[in-house]
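First the structure, in the form of structure tokens, and then the observations on it.
Just so you know, all these numbers are worked out from the coordinates, no wet-lab data involved. Fair warning: this is a prediction, and the values are worked out from it, not measured in the lab. Positions of Cβ are backbone-derived with ideal geometry, glycine not excepted, and every protein chain shown enters the neighbour counts.
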């Protein structure tokens, strides 16, 4: 394992050293601010200046995720063959910056769809590179701090980006030029990576790609043999822990994408202003930032299975509460405050979910082909994202926001027994010491 030799100096304040394993991790703050702001600005760009519809938002999400799945395969091969983490980050950030500048000047939805699809093609390069940097630059003892630092940088960036978007629109500036601000943030990360990150030579063999340490970023492997192996594992029944984990995660990703893609058009349709929509999203990020530091301790104390089931149920309740709001005629102000509270609860729930589901996933992967299975999980996540976008588009034509949120909540509740079965299978496997046969 090649590790980074430039830690924070001992003279750095204790609070900084607890939450920042390396100075170069600060490079992820500006780009996280940009992507967080962009995630809210893009559907608003479709709905307001381009006069698009909910259907167009769903189509954009489907094209982005489809491009990301296909591109992940290619970028995964590049990352596995060449130690060019810095180069891949620069490619992604440069691509984002150019796309944001172009999007600030689009005048048609087809042009926007082309540019957004392009961001889907370059995004996996940076995601894979960030994951591999965390794996390669930190030894086992430092890696938990590194992962925590990376998550904190993302949360801080998300909060800053949403505040910037709110401030920009609250000041009365038009929406499209906000993309120039977001592009400047991306280029700030580009410069930070250019100066502060260096590609290091590999010390051995095929590199650390096949490892279960990080679930959030992964490189899909879509071979027939891999899918056949997954089918064999799933065919064994309830004692196949990983099969239940993958099924529950698929439902989570499907319902989350259906809900999130439908959510911004819904807020706009009930009269919540563009600036206020940034604040609703900010409530979610703030809740995550408050909960993440305690999620690990809570998961260890209560058990990963119990926490993942409760957080899943809480998130499903938030979806259903949003569906219930559509039954009540609300003023724009009441809709804003109600949705801000609900979205904050969803943020807290996802923080607990992310930690506890990762623990269960790692436990299910022990003594098995972790990289292969995480790759397939990544592919399933992409498929779930496209399916969620397709459902959102279908409901925009033949259904309603209420139906979209109701299906999201009920669908997520269906994953609770899957997590229960996964927990039982993991506990049985760890108690008996038996492996899940390939």
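Between residue 55 and residue 81, the contour length at 0.36 nm per residue exceeds the alpha carbon distance by 5.4 nm. Take each peptide in 379-386, 170-177, count the other Cβ atoms within 10 Å of every residue, and average; sorted highest first, the result is 379-386, 170-177. Projecting label points 7 angstrom from Cα along Cα→Cβ for residue 194 and residue 414 puts them 4.9 nm apart.
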